[in-house]
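*Asks:* Provided herewith is a single structure, encoded as structure tokens, for subsequent inquiry.
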Amino acid sequence: MSTSSRLRFVAPERADAARNRRRVLDAARHVFAGTDPAAVTMGDIAAAAGVGRATLYRRFPDVSSIAVALLDEHERHLQEQLIGGPPPLGPGAAPADRLAAFYAAMVALLEEHLPLVLGAEQGADRFATGAYGFWQLHVRTLLVAAEIPEPDMLIDALLAPLAPEVYRHQRRARGFSPAQVVAGLDALARRLLRD
């Protein structure tokens with residue numbers, strides 16, 4: 001039997017490693033909530049968690065990966081709703097209704113978890129997350145269902161208003177409420193994908 005065809009045994013996570021991981025994530029949640037996400041360092045998180053930097057780096061290569069781990073549960077829930085939840089967020093509604101519902105759900109996620117999203121999606125890192133790839137696929141599916149020509153040209157443009165820096169600017173600098181942001185995105189969805 002060749003080496004490549006052998007099954008690999010993956011040991012379960014040790015109890016102390018699982019505790020450290022939970023401690024790091026709990027501490028990171030508090031650090032992100034109380035600090036400018038761009039200024040958070042691995043040292044800040046290690047100190048807040050009461051673990052050494054080596055322990056932190058064994059599990060997470062950088063601050064962004066910690067923020068991604070914290071967001072994962074929330075994003076996974078939204079993905080499940082998009083795939084199999086009730087309409088209009090889930091299947092069964094018109095593409096414009098689904099895009100509007102997606103925008104509303106994303107605004108809710110940004111409003112509740114903005115410090116984490118800012119920590120996870122800094123600059124080009126935003127495009128490398130698995131969640132962004134899922135959002136791209138979802139928007140493309142809606143564009144195709146609405147028979148929009150050359151849908152790939154519009155995907156990133158339709159996701160751009162959901163960039164965490166844009167949302168922070170709208171909320172803090174422009175003073176828009178979440179409801180106002182949702183209303184603007186709803187209008188965009190319905191104008192582009194009108195039935």
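*Asks:* Please enumerate the residues belonging to the range 44-57 that are assigned to a helix (DSSP H, G or I), surrounded by 13 or more Cβ atoms within 10 Å (Cβ to Cβ) and either touching a Gly at 6+ places or on another chain (Cβ under 8 Å) or not small (Gly, Ala, Ser) (or both).
*Replies:* Step one: filter the range 44-57 for residues assigned to a helix (DSSP H, G or I), giving 44-49, 53-57.
So of that shortlist, the ones also surrounded by 13 or more Cβ atoms within 10 Å (Cβ to Cβ) come out as 44-49, 53, 55-56.
Selection gives Asp44, Ile45, Ala46, Arg53, Thr55, Leu56.
*Asks:* Search the range 166-193 for residues being touching a helix residue (DSSP H, G or I) at 6+ places or on another chain (Cβ under 6 Å) and under 24 Å from Ile148 (Cβ atoms), and hand back the single one that is surrounded by the fewest Cβ atoms within 10 Å (Cβ to Cβ).
*Replies:* Taking the range 166-193 as the starting set, the residues that turn out to be touching a helix residue (DSSP H, G or I) at 6+ places or on another chain (Cβ under 6 Å) are 167, 170, 176, 178, 181-182, 185-186, 189-190, 193.
Next, only the ones that are under 24 Å from Ile148 (Cβ atoms) stay: 181-182, 185-186, 189-190, 193.
Details: Val181: 23, Val182: 19, Leu185: 20, Asp186: 18, Ala189: 24, Arg190: 15, Leu193: 22.
Applying the filter and picking the extreme gives Arg190.
*Asks:* So which of Val107, Val68, Val117 ends up being β-branched (Val, Ile, Thr), in a helix (DSSP H, G or I) and modelled with pLDDT of 85 or more?
*Replies:* Numbers: Val68 fails: modelled with pLDDT of 85 or more; Val117 fails: modelled with pLDDT of 85 or more.
Val107 is the lone residue from the list that is β-branched (Val, Ile, Thr), in a helix (DSSP H, G or I) and modelled with pLDDT of 85 or more.
*Asks:* So which residues in the range 16-43 are part of a helix (DSSP H, G or I), more than 18 Å from the chain's Cα centre (by Cα) and more than 16 Å from Ala69 (Cβ to Cβ)?
*Replies:* Asp16, Gly34, Ala39, Gly43
*Asks:* Out of the residues in the range 69-112 that are in contact with an Asp or Glu (Cβ under 8 Å, 6 or more places away or on another chain) and without any contact (Cβ under 8 Å) to a residue 60 or more places away in the chain, which is nearest to Pro164 (Cα to Cα)? Reasoning before the result, please.
*Replies:* First, the residues of the range 69-112 that are in contact with an Asp or Glu (Cβ under 8 Å, 6 or more places away or on another chain): 74, 87-88, 94, 96, 100, 103-104, 109.
Remaining after also requiring without any contact (Cβ under 8 Å) to a residue 60 or more places away in the chain: 74, 87-88, 109.
On the way: His74: 15, Pro87: 26, Pro88: 24, Leu109: 10 Å.
Taking the candidates together, the pick is Leu109.
*Asks:* So, in the range 32-59, exactly how many residues are closer than 23 Å to Glu165 by Cβ and either basic (Lys, Arg) or modelled with pLDDT of 90 or more (or both)? Don't jump to the end; show me each part of the working.
*Replies:* Restricting attention to the range 32-59, the residues satisfying the condition of being closer than 23 Å to Glu165 by Cβ are 32-42, 44-45.
If we keep only those that are either basic (Lys, Arg) or modelled with pLDDT of 90 or more (or both) as well, we get 41-42, 44-45.
Of the residues in that region, 4 qualify.
The values are calculated or read from the model by the stated rules, or taken from the named source; none is laboratory data. Because the structure is predicted, anything quoted here is derived from the model rather than measured. So basically every Cβ, Gly included, is an ideal-geometry build from the backbone, and we count neighbours across all protein chains shown.
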